[in-house]
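To keep things clear, I will list the structure first and then write my remarks on it.
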Amino acid sequence: MEAVFSALPQLNSFGICLFDVVWRNHFHQNPACEFHYIRRGNLELHYEKSRYQAGPGDVILIPARTLHCDVFDINHDYEVYMASFSWPEAEEALFQAVDTPVVTSLTESQRAEIRQHLDLLYNCDSSDSGYEQILSQSHFHTILLLLLHFVAFNKVTAKGRQSSRQRRQRRNQWLIKEAKQYINKHFAQQLSLEDLAEVLDVSPYHLSRVFNGENGFSLPSYLTMVRMNQARNLLLAGGMNVSEVADAVGYPDSSYFSKVFRRHFGQSPSGMALARPARRT
């Protein structure tokens with residue numbers, strides 16, 4: 001890596017480019033690499049059979065001798081810092097690290113830092129003195145290194161966030177599975193959200209939020225569903241009256257059980273019991 005970045009990039013040209021209808025909106029290529037920083041406006045980059053959207057604060061990097069086209073609405077202002085550069089010692093590493101021609105992942109502070117160095121570079125480049133030219137090369141080198149650092153940092157950060165989301169998702173799936181298994185086994189008991197949260201060693205709020213978010217219905221709704229399905233099976237099996245079935249599925253009040261049952265199935269428990277198929281003798 002040290003050998004790759006041992007030499008400074010050769011800055012061939014740099015300046016602020018405004019919309020130019022002569023060479024914009026058609027395909028072209030540059031013998032050197034191109035660096036664009038969009039100050040104002042939006043464009044669509046056509047590059048290697050793909051299209052990329054770019055706006056203020058985005059960076060565009062185009063390898064040398066690569067056919068591309070910048071397309072944007074001529075009715076809106078467009079202003080961009082544009083540089084043409086060569087960096088043979090590091091071009092391959094640069095374009096491998098920045099694996100998309102349009103860098104849109106920069107944070108506002110990262111954009112501001114790159115913009116600050118571009119402003120300094122612009123002021124330096126306005127002079128023809130040897131000192132200013134050396135300073136220009138150094139500023140542009142800093143800009144490219146900053147871009148590489150920011151892209152790498154953002155990738156690592158995004159990967160960390162993704163890993164964190166995956167771990168959280170696995171924990172949530174485990175929690176939901178355990179909650180359902182416990183309810184399926186203990187539905188006849190008087191279960192509350194607080195009781196279940198204590199068994200699973202989480203807060204009631206967290207358990208409720210995770211369960212609702214993943215399933216689209218609440219824990220009490222799931223408990224009621226399990227109880228009602230079990231009650232229906234018992235009623236259809238026969239051998240138990242409504243009060244016994246209610247007590248067996250966790251409803252000591254048979255009247256309340258009947259109300260919940262009717263709301264769930266659209267008929268009373270006794271009506272379902274009467275509708276069960278007659279046993280063959």
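Throughout, read-outs are computed from the coordinates displayed, never taken from laboratory work. As the structure is a prediction and not an experimental result, all values here were calculated from the model. Glycine also receives a Cβ, built like all others from the backbone with ideal geometry; neighbour counts cover every protein chain displayed.
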TODO: Would you indicate which of (1) 71, 21, 16; (2) 28, 21, 17; (3) 37, 21, 17 is the value of semi-axes √(5λ) of the Cα gyration tensor in Å derived from the coordinates of this structure?
DONE: (1)
Task: A112-Q53 pseudo-label distance in nm [points 7 Å out on the Cα-to-Cβ vector] - done: 2.5 nm
TODO: Output the DSSP H helices from the chain with an along-axis C-alpha extent of no less than 15 Å and a mean Kyte-Doolittle hydropathy no less than 0.5.
DONE: none
Open item on the list: Could you work out how much longer the chain between W174 and Q133 gets when fully extended? Use 0.36 nm per residue separation minus the Cα distance between them, nm to one decimal.
Closed with: 8.6 nm
Task: Label-point gap, in nm, between K159 and Q181 - each point 7 angstrom along Cα→Cβ - done: 3.3 nm
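Taking region 199-281, which trypsin sites (Lys or Arg not before Pro) meet the DSSP loop condition and have no more than 16 other C-beta atoms within 10 Å?
Passing both the DSSP loop test and the Cβ count: R279, R280.
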Task: Within region 172-281, chymotrypsin sites (Phe, Trp or Tyr not before Pro) in DSSP loop having at most 15 other beta-carbon neighbours inside 10 Å - done: F217
Task: Selection from L234, L200, G213 lying farthest towards where the dipole of region 171-279 points positive, charges on Cβ - done: L234
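If you add up the charges near Y37, with Lys and Arg at +1 and Asp and Glu at -1, over every other residue whose beta carbon is less than 13 angstrom from its beta carbon, what do you get?
Summing Lys and Arg as +1 and Asp and Glu as -1 gives -1.
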